[in-house]
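Notes for the one structure printed next.
The values are calculated or read from the model by the stated rules, or taken from the named source; none is laboratory data. What you see is a predicted model; the values in this text were computed from it and never measured. Cβ placement follows ideal geometry from the backbone for every residue including glycine, while neighbour counts extend to all protein chains displayed. With ligands, DNA and RNA removed, areas are computed over all heavy atoms of the protein, side chains included. Shrake-Rupley method; radii C 1.70, N 1.55, O 1.52, S 1.80 Å.
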Amino acid sequence: MGMTYRPYQGLDVPGMDPTMGMGVSWLLGWLQQQGFMPGMLPLAGGDMNMWHRMQLLQQTQAHNAMMKMAAEADRENMMRTLRGMSAMFGVPWETSQIRAAGRIADAFGMAMPHLAEAAPELMDQMMGRRGSAAVMAHYMWEATRYRDDIIMRDGEFVRQRGMTPESVIDMHQGLWESMYGPAAMATRGAVLPAGQTGRLFAEMTRLGMMPGLDIPDDLTGMTEEGVADLQGANLTRVRETLENYQGVVRAMREVFGETGRPDAPMAEIIAGLQALTGGALSQLPAEQLEMTVRRMHELARSSGLGVQGMSILTAGATQQALQLGVNPAFAPQAAEMSMEFRTAYMTTGMGAVTG
């Protein structure tokens, strides 16, 4: 069956001139190419007006630009991964392979804004021990909308809820260089991959545990140098907090590993810490919290209760503490004492089942 040529008539709208219909169709197509979804266009229905859609588009473009900048730091890791794959299959790492790997790494860099959002855990694992700078940037971007920033408005510095793209980029680059740069990797190594650190930043920000910018009430006379000093001091506090809690997360992953889930999502890790501390996670210093997790994990094994029994025991202690009006932060200590008593009781043989 042959195909017959039929001129394009545009949108079939009653009462509208066909030429106008063609113009509307072209406009809708162009808007979709710019990132507007049909359901969000004023001419196609939806509950989001054009102004809000423009704001969302600007945020998306800024997010993608930040992700592409962060992906440049991932290129070296991607090349290292591809070289390892080449060695695994016995392919010599020669000029042609290096060029091909470079093209693949460049393609990943272009697609990273979408890949980091669609499969963050996979992208983080593909980048090796350091993890992915782009995945870290993605999680930080999502969390910084809830953090305060200082911006210039009408010639004066004012407080704003939500960090500007420039501030987010500066914070990400500072954290990446100080925690995953060559000097940091040579002296300290990577306790957690960068993507997981970004997720930890997001979860702790959501819980109000991440240090914020120490903005004075009166910003009169504030200078750009003063703002830079505040941001630098905040960056140091954020880095120290993340480094302290990385050990806590690693200890908790060992607990999850006994249940067959060593790669549990960060949200579940934080929820597990909340349950383990009776909801008092923010009240315990990171060093004490890591020691508590490791000590309770060891007691759970030595007492024979296991991870599940430890969780049940801690939950019961938390409920009793709340009923008595006691701070639930004491629940882990009560659970520890109970497991220590059980271990000692079983060691003496008095807890043996006879008959």
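Scanning the stretch 321-333 for residues that are open to solvent by 60 Å² or more (accessible area, probe 1.4 Å) and assigned to a helix (DSSP H, G or I) returns L322, Q323, L324, F330, Q333. Scanning the stretch 104-121 for residues that are more than 20 Å from V168 (Cβ to Cβ) and not in a loop (DSSP other than H, G, I, E, B) yields I104, A105, D106, A107, F108, M110, A111, A118, E121.
Within the stretch 211-220, if we keep just the residues that are of a type outside the set (S, T, N, Q) and open to solvent by 70 Å² or more (accessible area, probe 1.4 Å), the residue that is farthest from L284 (Cα to Cα) turns out to be D218. Within the stretch 118-149, the set of residues being open to solvent by 30 Å² or more (accessible area, probe 1.4 Å), under 19 Å from R83 (Cα atoms) and of a type in the set (G, A, S) comprises G128 only. The single condition from (1) open to solvent by 50 Å² or more (accessible area, probe 1.4 Å); (2) under 20 Å from L207 (Cα atoms); (3) not aliphatic (A, V, I, L, M) that T318 fails is (1).
Quick one: is R53 at pLDDT below 80, assigned to a helix (DSSP H, G or I) and basic (K, R)? Yes: the conditions hold for R53. Starting from residues that are of a type in the set (A, V, I, L, M, F, W, C) and under 14 Å from the mean Cα position of the chain (by Cα), keep the ones in the stretch 172-201 and report whichever is modelled with the lowest pLDDT. Applying the filter and picking the extreme gives L192.
All of (1) touching a strand residue (DSSP E or B) at 6+ places or on another chain (Cβ under 7 Å); (2) open to solvent by 20 Å² or more (accessible area, probe 1.4 Å); (3) among the small types (G, A, S) hold for A228 with one exception: (1). Answer with yes or no whether A280 is modelled with pLDDT of 85 or more, open to solvent by less than 40 Å² (accessible area, probe 1.4 Å) and of a type in the set (A, V, I, L, M, F, W, C). When the stated conditions are applied, A280 does not pass them. Just so you know, in the stretch 122-169 the residues that are β-branched (V, I, T) and outside any helix (DSSP H, G or I) include one that is nearest to M67 (Cα to Cα), and it is T164.
Considering each residue of the stretch 251-264 in turn, none proves to be aliphatic (A, V, I, L, M) and over 19 Å from T197 (Cα atoms).
Would you say H172 is in contact with a Phe, Trp or Tyr (Cβ under 9 Å, 6 or more places away or on another chain), assigned to a helix (DSSP H, G or I) and either surrounded by fewer than 21 Cβ atoms within 10 Å (Cβ to Cβ) or not aliphatic (A, V, I, L, M) (or both)?
Yes, satisfied.
Count of the stretch 25-50 residues, restricted to those that are at pLDDT 60 or above and either surrounded by 13 or more Cβ atoms within 10 Å (Cβ to Cβ) or touching a helix residue (DSSP H, G or I) at 6+ places or on another chain (Cβ under 9 Å) (or both), is 3.
Residue by residue through the stretch 177-210, note down the ones that are open to solvent by less than 40 Å² (accessible area, probe 1.4 Å) and in contact with a Lys or Arg (Cβ under 9 Å, 6 or more places away or on another chain).
M179, Y180, M185, G189, A190, V191, L192, P193, A194, T205, M210
Among the conditions (1) open to solvent by 70 Å² or more (accessible area, probe 1.4 Å); (2) within 22 Å of P165 (Cβ to Cβ), the only one that R103 does not satisfy is (2). The residues on offer are A286, A271, A228, and the sole one that is without any contact (Cβ under 8 Å) to a residue 24 or more places away in the chain and under 22 Å from the mean Cα position of the chain (by Cα) is A271. Taking the criterion of being at pLDDT below 75 and exposed (fewer than 15 other Cβ atoms within 10 Å of the Cβ), the residues of the stretch 296-308 that qualify are S302, G304, G306, Q308.
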